[in-house]
Amino acid sequence: MSTKDFIEKDYYKVLGVPKDATEAEIKKAYRKLAREFHPDANKGNAKAEERFKEISEANDVLGDPKKRKEYDEARALFGNGGFRPGPGAGGATFNFDLGDLFGGAQGGGGFGGGLGDVFGGLFNRGGAGATRTQPRRGQDIESEVTLSFTEAIEGATVPLRMSSQAPCKACSGTGDKNGTPRVCPTCVGTGQVARGSGGGFSLTDPCPDCKGRGLIAEHPCEICKGSGRAKSSRTMQVRIPAGVSDGQRIRLRGKGAPGERGGPAGDLYVVVHVKEHPVFGRKGDNLTVTVPVTFAEAALGGEVRVPTLGGPAVTLKLPPGTPNGRTMRARGKGAVRKDGTRGDLLVTVEVSVPKDLSGKAREALEAYREATAGEDPRAELFQAAKGA
């Protein structure tokens with residue numbers, strides 16, 4: 001991406017969030033759009049694929065606090081692709097080359113390291129060394145994995161099959177079937193060409209002759225057609241940490257597409273989907289479970305055995321007069337936290353009403369009803385309703 005393209009792109013608009021959006025709001029917007037436009041859900045839809053790339057690119061910048069700060073500073077300085085003069089500047093024309101800004105000032109004055117240091121963090125382009133052929137960082141890859149509820153809580157190692165662009169094996173990534181590409185005469189190996197935009201500004205674009213590679217193949221490789229890159233498929237064993245939640249996006253550094261000309265590999269982003277459990281639920285780091293108890297247990301109290309996820313049952317003491325819906329806590333029986341400790345198991349009591357009663361049980365309940373005939377559990381309800 002050229003500097004001009006970067007300045008003019010409104011990543012906030014791409015994700016549909018305001019400029020003061022929180023990290024949580026950005027993450028939520030990205031997940032919603034990524035699911036909607038993911039290539040797997042839009043087979044053969046080129047527009048959806050392009051939209052997914054835009055969404056991923058926007059999230060890569062806005063989802064990283066450091067990159068987002070650099071992006072906001074650049075947008076504030078250059079606005080929609082042009083330098084914003086300060087107060088009182090009027091209609092003055094600024095005749096200078098952006099190379100002075102992005103490449104660093106000469107002779108110890110001016111901007112020091114230059115704004116190239118700002119954009120270098122975003123696009124892996126250094127300011128001072130931009131005149132030399134640079135190594136290329138590999139592309140980031142995004143994949144998805146579906147885990148069972150237990151795997152998400154305990155952690156799991158899963159196989160992921162991924163397809164990405166990698167150095168062509170037939171030509172060793174040179175693009176030339178003889179392995180002897182030449183330096184592009186148009187950009188002199190930089191992979192970029194300057195383009196004037198009027199008013200003394202100079203912007204850079206990928207070289208149209210070498211497609212930004214800095215090299216031209218005299219005898220193009222038949223496999224990669226001279227690009228030096230070819231589609232590669234591989235299967236990786238990826239460790240998903242314990243305690244991940246549904247929709248969480250995990251970043252694995254250096255596990256993306258291989259770099260070019262000695263450049264580092266990109267990153268792998270794995271979006272985790274978690275299946276529901278028939279017994280247990282989850283609230284943050286705590287697990288939840290609903291346990292039925294008899295009326296006698298709730299009224300008289302007693303000990304209740306409660307199942308745990310993947311471990312032995314625990315026994316909770318039910319105090320006399322326990323109401324329906326009361327929640328008790330079994331400490332240390334929940335999900336794994338980042339620090340290695342565990343959350344709790346939240347046990348909610350549900351009083352079970354029998355559908356069929358034996359003769360003896362019915363007689364006992366009839367006797368209980370007669371013994372408590374003077375009590376009205378709804379008296380306070382009606383009193384409160386009248387006073388409201």
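Residue by residue, here is whether (1) assigned to a strand (DSSP E or B); (2) closer than 30 Å to Ser148 by Cα; (3) in contact with a strand residue (DSSP E or B) (Cβ under 9 Å, 6 or more places away or on another chain); (4) at pLDDT 95 or above holds:
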| site | (1), (2), (3), (4) |
| --- | --- |
| Pro312 | yes, yes, no, no |
| Asn324 | no, no, yes, no |
| Gly334 | no, yes, yes, no |
| Leu357 | no, no, no, no |
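If you go through the range 224-254 and pick out every residue that is in a strand (DSSP E or B), open to solvent by less than 80 Å² (accessible area, probe 1.4 Å) and either among the basic types (Lys, Arg) or under 27 Å from Cys207 (Cα atoms) (or both), you end up with 5.
Taken over the range 22-35, residues that are free of Cβ contacts under 8 Å to residues at least 12 places away in the same chain and either assigned to a helix (DSSP H, G or I) or within 11 Å of the chain's Cα centre (by Cα) (or both) amount to 5.
If you filter the range 255-280 down to residues that are buried (at least 17 other Cβ atoms within 10 Å of the Cβ) and of a type in the set (Gly, Ala, Ser), you find that the one that is farthest from the chain's Cα centre (by Cα) is Gly259. Out of the residues in the range 25-46 that are under 12 Å from Asn59 (Cα atoms) and not charged (D, E, K, R), which is modelled with the lowest pLDDT? Here the answer is Ala34.
The values are calculated or read from the model by the stated rules, or taken from the named source; none is laboratory data. Treat the numbers as computed from the prediction; the structure is a model and nothing was measured. All Cβ positions, glycine included, derive from the backbone under ideal geometry; neighbour counts span all protein chains shown. For the accessible areas, the whole protein counts, side chains as well, though only heavy atoms, and no ligand, DNA or RNA atoms are used. Shrake-Rupley method; radii C 1.70, N 1.55, O 1.52, S 1.80 Å.
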